[in-house]
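Visitor: Here it is, the structure in full.
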Amino acid sequence: MYFFLAGFDVLVVVLGVLLNHQIVSAYHRSIQANQSWVQQLSSYSVLGSYASDVNAPGNDVFDSREVDRESRKLSQALAVFHEHLALGKAQLQARLDGPEEHSAEIQGYTRALQGEVEAVDAAMGKMVDEALLIFSYFRADEPDNAGKRMATMDRKYAELLASLATVRGRVGQIQGKLLEEELASVEVLRKIEYAIMAFVLVMVSAAVAYGRKIRREMEAHAEEREGYLEELRESERRFRQQASLLDKAQDAIVVHGMDDRILYWNKSAERLYGLSAQQTPEESARTLIYQNDGTRDAAIATLLESGDWAGEVTLRRPGRSITLESRATLVRDETGQPQSVLSINTDISQRKTTEQEVNRLAFYDQLTGLANRRLMLDRLQRILAGNARSLRTSAVILIDLDNFKALNDTLGHDRGDMLLQQVARRLADCVRESDTVARLGGDEFVVLLEDLDEAPVEAVAQAQDIGDKILGALNISYRLDGYEHHSTPSIGIALFQGQLSSADDIMKRADLAMYRAKAAGRNTLRFFDPEMQAVATARARLEADLRRGLKREEFLLHFQPQLNNAGCILGAEALLRWQHPERGSVSPVEFISVAEETGLILPLGRWVLEAACAQLVEWAQHPETAQLSMAVNVSARQFHHPDFVEEVLSVLNCSGADPRRLKLELTEGLLIEDVENTVAKMVELKDSGIGLSLDDFGTGYSSLSYLKSLPLDELKIDQSFVRDVLVDPNDTSIACAIVSLGQSLGLGVIAEGVETEAQRSFLVDHGCHVHQGYLFSPPLPAGPFMAFVREKLMVES
């Protein structure tokens, strides 16, 4: 019996060993088959990132406009995509053609997956076609059409992503089914294993001695298993402890995959971003952590290069923004490939606010909010450094309030502070955005002017204008807590160019100029440089004389006749003259620019228009001049005034002059500003019967595109071309081209500045039949002009 039991036991043991071997082999085959499926199916998950790489050049080209580079990037990304897709399709086809390793249901899913992969390939082709169409539009310089195709490409990209999502869904379905079948297979194997163990235990119970041995072995195995379980429990306990420590950290700790999927999210991250750990799988690190593609791409590039990245990210929350200090580390797998990114994000908003407050306290005046001396000197040094590389002119304007101490002594320091605050606001309103207004301390302020004209005379004029504006603004009365107070400033201006002086020297010059202003009686301004002071004084005197001249009617019109090639007078150009009581006759070259800058050109231009219309009425009373027209020059500032057309028509109505005899000469420069409104005004004037001539044609911004759309009657060849028309081939070509252009557009052509018979003959030979210049007559007052006309008529008769 013992031998029988022993032999039977041996047989059972051998049978058990063989069965266990078969179970293990079957289990291993199942695992290997499933792992093969998982590896093959997982390859499709990376297609999304490759699809994104293919899509990116079609979007990036709108920013970079570098079509060839973006096209190459698309081709490279598309090649990688097709390579991985072709590999997956080949593996899938091999799976379908090989022996069936799984159930018919999985085989059906596999065939469906094959069709869905083909759909992905087709969707990619459509998206690439749209991208190539966009590239073609850019190559054809049609960005608007490219923009229109952008939405179509985005839709195709969305369809591609939908196809990829379908593939991923099918992959998940197959993987789930594989897991289900694997679990079922393992369950069957386990049942068989349990049955064998039961059978062995029965046999062991029959063989006591052998059973005792088996029992001891099982007890030993149980003790070993318990040791393993204890190690597992200890490992889990340490993991929970580490997770708890991470949740207690004040910083937001986030782990995301290279596909931007959130993998870990601690409690501080939940508080900072307002999302629970359960919600994060639906979010992307690209928009959630990095906030934009640019920051994310730069961070990933640095991580791949060095393994670490640090930077600041602005997190936008409803009603506020949070500044984060982000530190990221790249985590690699066992093969050294990038696996995930560990990001630690710290809220530094309070620190930033503190830094800003420290900066405000260090660089800004606490009372007025203006830049303080330290910041002003820093900007002055920066201006000096910039000027060293150019010829730009800059200026320092030093403002000191007159008798400020008396205000403090009589009304108190509180109202003194109110005055300083109001002065600061008025100074800020007087300067350009690029300029700096600072308070040095007490009642002293500084204005730094940058980018003034390179020409000293123009720079002085610009600084003078701003200084006068400040002077006027600070002379307006102040309301100080119920008191009305009048204060005046003394202003010193120091201009500088290049880096020939130090900041301290420039401030001293401005200070000296300011004290000169005080010595001159206060409430005025002075320039440091005597020559510049003389220029500014002369300009100011000229402006004052202009204002007085308008009031005293010191201006008059001279008339220069315009004749055809037969010598008949067709009209005249009205030319402004200024008969100054001290200066004598002042040329328009000297005062027109000042009138333009100061706005005096508006009343001066109206006077010219009124005087010209009055002269037309006078001419209309004499047969010899009744048919003459009169050309009147109009400045750009005058023309662009909102009431210009109404003013012209009003002058005509009040004077009774015939609008058909009035011709307005416009310069090319005024036509390039607000073209639509300019054309509308010209049409309205034209409809009223007024003639329009383009003066000094060829010296400005001549363009056929606007010329053909303007309701002009005449082109006037500038005297600069007429002067050398016989000796300069370029002037000859330009003059001939203007004549030809006028003829082709149906416009009259007149040449000014004709001084020799040779010039006149040349112009006549080339089709210009109306002339004006000293060859015929200089500009004449009204009486001598009438005598000139009568004399010409007598000669002709």
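Visitor: Spin-label point model (7 Å from Cα, Cβ direction): what's the Ser740 to Ser390 distance in nm?
Guide: 4.1
Visitor: Now, a different point. Give me the extension gain from Ser733 to Thr598: residue separation times 0.36 nm, minus the current Cα-Cα distance, reported in nm with one decimal.
Guide: Working: separation 135, 0.36 × 135 = 48.60 nm, distance 3.84 nm.
Taking Ser733 through Thr598 to full extension adds about 44.8 nm, to one decimal.
Visitor: Fully extended, how many nm does the chain gain between Asp713 and Arg316 (0.36 nm per residue separation, minus their Cα-Cα distance)? Before the final figure, lay out each step's value.
Guide: Working: separation 397, 0.36 × 397 = 142.92 nm, distance 6.06 nm.
Separation in residues times 0.36 nm, less the Cα-Cα distance, equals 136.9 nm.
Visitor: Karplus couplings for segment 596-607 from phi (6.51 cos²θ - 1.76 cosθ + 1.60, θ = phi - 60°), rounded to Hz, Gly and Pro as x?
Guide: Using θ = phi - 60°, the values come out as 4, 5, 8, x, 5, 4, 5, x, 5, x, 5, 4 Hz.
Visitor: Further question: Amide H of Val331 versus every other amide H placed in the peptide plane: which residues, excluding those fewer than 5 positions away on the same chain, fall under 5 Å?
Guide: Gln339, Ser340, Val341, Leu342
Visitor: For segment 690-696, what does the Karplus curve 6.51 cos²θ - 1.76 cosθ + 1.60, with θ = phi - 60°, yield as ³J(HN,Hα) per residue in whole Hz, taken in order and with x for Gly and Pro?
Guide: Whole-Hz 3J(HN,Hα) from phi for segment 690-696: 7, x, 10, 10, 8, 7, 6.
Visitor: Sticking with this structure for a sec: Note down the nm distance, to one decimal, between modelled labels 7 Å out along Cα→Cβ at Ala620 and at Ala209.
Guide: 15.1
Visitor: Mind ranking 739-750, 301-312 by how tightly packed they are, going by the mean number of other C-beta atoms within 10 angstrom, highest first?
Guide: Working: 739-750: 17.1, 301-312: 13.2.
Packing order, densest peptide first, comes out as 739-750, 301-312.
Visitor: Expected output is a single nm value to one decimal: the length gained when fully extending between Leu367 and Thr302, i.e. 0.36 nm times separation in residues minus the C-alpha distance. What is it?
Guide: Working: separation 65, 0.36 × 65 = 23.40 nm, distance 4.54 nm.
Stretched fully, the Leu367-Thr302 segment lengthens by 18.9 nm.
Visitor: Between Asp674 and Asp68, with labels modelled 7 Å along Cα→Cβ, what's the label distance in nm to one decimal, could you check?
Guide: Taking the two extended label points, one gets 4.5 nm.
Visitor: Right, something else. Within 10 Å, count the other beta carbons around each residue, average over each peptide in 474-486, 394-406, 707-719, and list them highest first.
Guide: Values: 474-486: 12.7, 394-406: 20.7, 707-719: 18.6.
Ranked from most to least packed, the peptides come out as 394-406, 707-719, 474-486.
Visitor: Straight-line reach only, C-alpha to C-alpha below 24 angstrom: list the lysines that Lys191 could link to, leaving out same-chain residues fewer than 8 apart.
Guide: Partners found: Lys177.
Visitor: Another question about this same structure. Roughly what % of DSSP beta bridges within segment 553-796 run antiparallel, to the nearest 5? Mind showing how you got there, number by number?
Guide: On the way: 15 of 39 bridges.
If we restrict to bridges inside segment 553-796, about 40 percent are antiparallel.
Visitor: Near Leu407, within a Cβ-to-Cβ distance under 12 Å, what is the net charge of the other residues, with Lys and Arg +1 and Asp and Glu -1? Working shown, then result.
Guide: Numbers: positive: Lys405, Arg415; negative: Asp402, Asp409, Asp414, Asp417, Asp443.
Charge balance in the 12 Å sphere: -3.
Visitor: Pull up all non-local amide H partners of Leu263: gap of 5 or more, or a different chain, and H-to-H distance under 5 Å with H placed in the peptide plane.
Guide: Answer set, sorted by chain and number: Val255, His256, Gly257.
Visitor: Now for a separate question. Among 48-55, 364-371, what's the highest-first ranking by average C-beta atoms within 10 angstrom per residue? Present the calculation step by step, with values, prior to reporting the outcome.
Guide: Working: 48-55: 18.9, 364-371: 17.2.
Order by mean packing, descending: 48-55, 364-371.
Visitor: For segment 566-683, with equal point scatterers placed on the C-alpha atoms only and solvent neglected, what are the log10 I(q)/I(0) values from the Debye formula at q = 0.20 1/Å, to two decimals?
Guide: -1.19
Visitor: What FRET efficiency comes out for His640 versus Ala79 if R0 is 60 angstrom and r is the Cβ-Cβ distance? Round to the nearest 0.05.
Guide: Numbers: r = 59 Å, r/R0 = 0.98.
Efficiency at R0 = 60 Å is approximately 0.50.
Visitor: Still on this model: Taking θ = phi - 60°, what integer Hz values does the Karplus form 6.51 cos²θ - 1.76 cosθ + 1.60 yield along segment 417-429, in sequence order, with x for Gly and Pro?
Guide: Values, residue by residue: 5, 4, 4, 4, 5, 5, 4, 4, 5, 5, 5, 4, 6 Hz.
Visitor: What is the calculated FRET efficiency for Glu433 to Ala406, with r their C-beta to C-beta distance and R₀ = 35 Å, to the nearest 0.05?
Guide: That gives a FRET efficiency of 0.50.
Visitor: Here's something else I'd like to know. Counting only other residues whose beta carbon sits under 14 Å from that of Glu647, what net charge do I get with K and R as +1, D and E as -1? The partial results should precede the final answer.
Guide: Values: positive: Arg606, Arg637, Lys681; negative: Glu610, Asp643, Glu646, Glu684.
So the surrounding residues net to -1.
Visitor: Straight-line reach from Lys126: which lysines fall under 21 Å, measuring Cα to Cα and dropping same-chain residues less than 8 apart?
Guide: Partners within reach: Lys73, Lys89, Lys148, Lys156.
Visitor: To continue, here is another question. Under a straight-distance cross-link criterion of Cα-Cα below 19 Å, which lysines are reachable from Lys267, leaving out those fewer than 8 residues away in the same chain?
Guide: Here the lysines satisfying the reach criterion relative to Lys267 are Lys248.
Every read-out reported here was derived from the displayed coordinates using simple, explicitly stated rules and does not represent laboratory data. All values derive from a computational prediction rather than experimental measurement. Note that each Cβ is placed from the backbone with ideal geometry, even for glycine, and that neighbours are counted across all protein chains shown.
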